[in-house]
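Data block below; observations after.
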Ligand SMILES: [Zn+2]
Ligand SMILES: [Zn+2]
């Protein structure tokens, strides 16, 4: 942020979130608009543009964010958009800001606003088939009347479905005595379709009330559930998500705990200070993700209280624990991954291009059995050999030693000390620079030189 003088620092800071599903006639034009508008207003964060919509999470001075909203509203594409603007403290935790992508402005054109499934064969559901929106007040009253009137339109059993990830639901979720809250317990949004597939019986025939942080995840997920046809028609989604609900019901209403958010605020609570989360290690009440402690295996955020953090830096999330992973076996992969990019599954909406950055950072293991290290075949260059190539890549091999093994082999054709290609074929057989300056044989290495390809009648002389 350009906050060099005191006046700037005193000015209120804010975070703005909005999304809009709408056919974008001219992506280039919209890109140019965001690029110039956000840069001139000094906004930082993420803007994702797709042929069918826009998803924006930006932070900056409150007055600048208001100017941005005013400018966006001039475009008729954004009619009816829910602009969620919240004032907050200026980012003070650099690590959280960086992880949340609030230290720079990133505007990207993506194929899809939300990568709904990591399965490339599963086509995204039609967004126009999404569940009906319920305002915070309507949502609240449905829950309040549960057991009496039940479903808004039908006499069905009511279930709540939390469309968020496990680490989010750990610190806050909707809870009412008469309605069951289904918590898929997923690491990332793209795991939700398979959860829905595997648990469709819990949804079939019921009236499903879905919610997420700001609403965008329910759009796609509710459309997916409804695409399953008969018995899955009655799906409703909380418009504006938990964020709008808490604004409407500042005491929390039926929402208990804190709303996990994908910006430097980390989480937003109601006036009710109830703590839902517990420390992964000592089970004491704890719900603060500011330290960004992560599972050593899958990098999912985990809750670890301050005193447990002093004792250990290796954590295994409950999902990995279920898969039999233990802290004791992870010592070899302790190398630091502290300065990481925001991982894709931590964005409220995951776009395809974000998704490509989500690399499995972790150990080559499966279940409790360590997988064999990745073996990388390393082929040396012309007039070289395995031994000298190995020597020159020793530092790389050392860096990769926990996850990969470099394998070196000599090429099949041994060359004389100075290879003299046939004059007639000289242009084809070797780069001219090599002919003019044959490298001196490296000391301490095997003196034999090899080539992978030679002219057809090459006999080594
Ligand atoms: Zn603890
Ligand atoms: Zn894990």
Please note which helices (runs of 4 or more DSSP H) are completely contained in the stretch 355-461 and include at least 1 residues that are in contact with a strand residue (DSSP E or B) (Cβ under 8 Å, 6 or more places away or on another chain) and at pLDDT 65 or above.
-> 386-392, 394-399
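Can you name every one of the helices (runs of 4 or more DSSP H) wholly within the stretch 71-170 that holds 1 or more residues which are farther than 20 Å from residue 214 by Cβ and touching a strand residue (DSSP E or B) at 6+ places or on another chain (Cβ under 9 Å)? If you could, list the steps in order and put the result at the bottom.
Values: elements: 94-99, 136-144, 166-169.
In the stretch 71-170, the matching helices (runs of 4 or more DSSP H) lie at 136-144.
Do we have residue 260 as in contact with a strand residue (DSSP E or B) (Cβ under 8 Å, 6 or more places away or on another chain) and either surrounded by fewer than 18 Cβ atoms within 10 Å (Cβ to Cβ) or over 25 Å from residue 136 (Cα atoms) (or both) here?
Numbers: in contact with a strand residue (DSSP E or B) (Cβ under 8 Å, 6 or more places away or on another chain): yes; either surrounded by fewer than 18 Cβ atoms within 10 Å (Cβ to Cβ) or over 25 Å from residue 136 (Cα atoms) (or both): no.
No: the conditions fail for residue 260.
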How many residues of the stretch 63-77 are buried (at least 17 other Cβ atoms within 10 Å of the Cβ) and within 27 Å of the chain's Cα centre (by Cα)? The answer is 3
Only one of 297, 245 is away from ligand 1 (no atom under 16 Å from the Cβ), more than 30 Å from residue 133 (Cα to Cα) and buried (at least 17 other Cβ atoms within 10 Å of the Cβ), namely 297
Take residue 85 and decide whether it is surrounded by fewer than 19 Cβ atoms within 10 Å (Cβ to Cβ) and either within 23 Å of the chain's Cα centre (by Cα) or outside the structural domain of residue 247 (by TED's automatic domain parsing) (or both).
-> yes
Say we look at the stretch 281-292 and pick out the residues that are surrounded by fewer than 21 Cβ atoms within 10 Å (Cβ to Cβ) and within 16 Å of ligand 2 (Cβ to nearest atom); which of these is nearest to residue 324 (Cα to Cα)?
-> 281
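Picking from 191, 183, which residue would you name as being surrounded by fewer than 23 Cβ atoms within 10 Å (Cβ to Cβ), touching a strand residue (DSSP E or B) at 6+ places or on another chain (Cβ under 9 Å) and closer than 23 Å to residue 288 by Cβ? So that I can check it myself, show each step before the final result.
Working: 191 fails: closer than 23 Å to residue 288 by Cβ.
One residue alone meets the criteria, 183.
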Which pairs do you get when a residue that is closer than 12 Å to residue 192 by Cα, found in the stretch 117-133, comes within reach of a residue that is in a loop (DSSP other than H, G, I, E, B), reach meaning Cβ atoms under 8 angstrom, with the pair 6+ apart or on two chains?
-> 117/124
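When you go through 241, 269 one by one, which is the residue that is under 21 Å from the mean Cα position of the chain (by Cα), under 22 Å from residue 216 (Cβ atoms), away from ligand 2 (no atom under 16 Å from the Cβ) and not assigned by TED's automatic domain parsing to the domain that holds residue 58? Break it down stepwise before answering.
Values: 269 fails: under 21 Å from the mean Cα position of the chain (by Cα).
Going through 241, 269 in turn, just one is under 21 Å from the mean Cα position of the chain (by Cα), under 22 Å from residue 216 (Cβ atoms), away from ligand 2 (no atom under 16 Å from the Cβ) and not assigned by TED's automatic domain parsing to the domain that holds residue 58: 241.
For residue 299, are the conditions met, namely being within 16 Å of ligand 2 (Cβ to nearest atom) and either closer than 14 Å to residue 174 by Cα or part of a loop (DSSP other than H, G, I, E, B) (or both)?
Against the criterion (within 16 Å of ligand 2 (Cβ to nearest atom) and either closer than 14 Å to residue 174 by Cα or part of a loop (DSSP other than H, G, I, E, B) (or both)), residue 299 qualifies.
Does residue 234 satisfy the condition of being more than 16 Å from ligand 2 (Cβ to nearest atom) and more than 17 Å from residue 175 (Cα to Cα)?
Values: more than 16 Å from ligand 2 (Cβ to nearest atom): yes; more than 17 Å from residue 175 (Cα to Cα): yes.
Yes.
Determine which member of the set 308, 320 is farther than 30 Å from residue 14 by Cβ, in a helix (DSSP H, G or I) and away from ligand 2 (no atom under 16 Å from the Cβ). Break it down stepwise before answering.
On the way: 320 fails: away from ligand 2 (no atom under 16 Å from the Cβ).
Just one listed residue meets the conditions, 308.
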Residue 250: passes all of (1) assigned to a loop (DSSP other than H, G, I, E, B); (2) crowded, with 20+ Cβ neighbours inside 10 Å; (3) in the same structural domain as residue 203 (by TED's automatic domain parsing) but (2)
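The values are calculated or read from the model by the stated rules, or taken from the named source; none is laboratory data. These figures come from a predicted structure and were not determined experimentally. Here the Cβ is made from the backbone with ideal geometry for all residues, glycine too, and neighbour counts use every protein chain on show.
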